[in-house]
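Structure, as structure tokens:
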Amino acid sequence: MKKIFPALALLGLLSCNNADTKEATTTTTVDTMATSGTASTGTTTEATPAAPVDSATMMKNWQAYMTPGDVHKMMASWNGSWNGTMQMWHMPNTPPETSKVNTVNRMIMGGRYQVNTHTGTMMGMPFEGTGTLAYDNAKKKFISTWIDNMGTGIMLLEGGWDEGTKSMTLTGKCVDPSAGNGKETPVRETFTSIDANTQLMEMYGPAPDGKEFKMMEIKFTRK
């Protein structure tokens, strides 16, 4: 591993450490105003620089960051082809629109990330979407991206895993196309691994009154 460690990546880590040190050593001005009404005087204090990280520790930390773990093995167990039944609610307390989707999940880059591709129909039109799922070893959280042919943007969500319920909750923002001004709206997604062959994804967003409601759910069954 040490022989093939990317030199460019190591330089990037060194640059980040240098930037952190520079920021820590910048001076701050403390304003002191005498009660007698005399003019204020400026005094400067310097923060203690962060202790430098030796190269062996840097290497160890980076290896830990890049090595797939148990969570990545769990993600890999979701690989394969799935049938999905999708329901969409355009407004609260209205009948859902139902359609079918086909999903394929696969791990890439040595089991570090999962890519999922979806095909089907939505609102009577052909639909295709692609998502990526990562588990960041340093942040200890999932990071999800999503693109599809119903838009031109990228949705980014982050969140954690609840082992008790076998589910993750991801939050973020996405553009509301109906606003016509690039306005973003908050979204929340839950993903539950019901069993080895059954999954449930639910998406929530704000209703016109600002209250959260379920906009979509997809029930997946392994083929």
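The values are calculated or read from the model by the stated rules, or taken from the named source; none is laboratory data. Since the model is a prediction, treat every value here as computed from it, not as a measurement. In this analysis, Cβ positions are derived from the backbone assuming ideal geometry, glycine residues included, and neighbour counts consider all displayed protein chains.
Values computed for the structure shown
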| item | result |
| --- | --- |
| Total residues in region 135-157, condition assigned to a loop (DSSP other than H, G, I, E, B) and either surrounded by 17 or more Cβ atoms within 10 Å (Cβ to Cβ) or in contact (Cβ under 8 Å) with a residue 24 or more places away in the chain (or both) | 4 |
| Residues of region 121-134 classified as surrounded by fewer than 18 Cβ atoms within 10 Å (Cβ to Cβ) and part of a strand (DSSP E or B), total | 7 |
| Residue match in region 158-171 (condition: in contact (Cβ under 8 Å) with a residue 24 or more places away in the chain, touching a Pro at 6+ places or on another chain (Cβ under 9 Å) and in the same structural domain as GLY210 (by TED's automatic domain parsing)) | no |
| Matching helices (runs of 4 or more DSSP H) fully within region 1-96 where at least 1 residues are at pLDDT below 75 | 7-24 |
| Search result, residues across region 127-148 that are within 21 Å of VAL175 (Cα to Cα) and not hydrophobic (A, V, I, L, M, F, W, C) | GLU128, GLY129, THR130, GLY131, THR132, SER144, THR145, ASP148 |
| Options ASN149, ASN197, ASN181: the member that is over 24 Å from PRO68 (Cβ atoms), modelled with pLDDT of 95 or more and not aromatic (Phe, Trp, Tyr) | ASN149 |
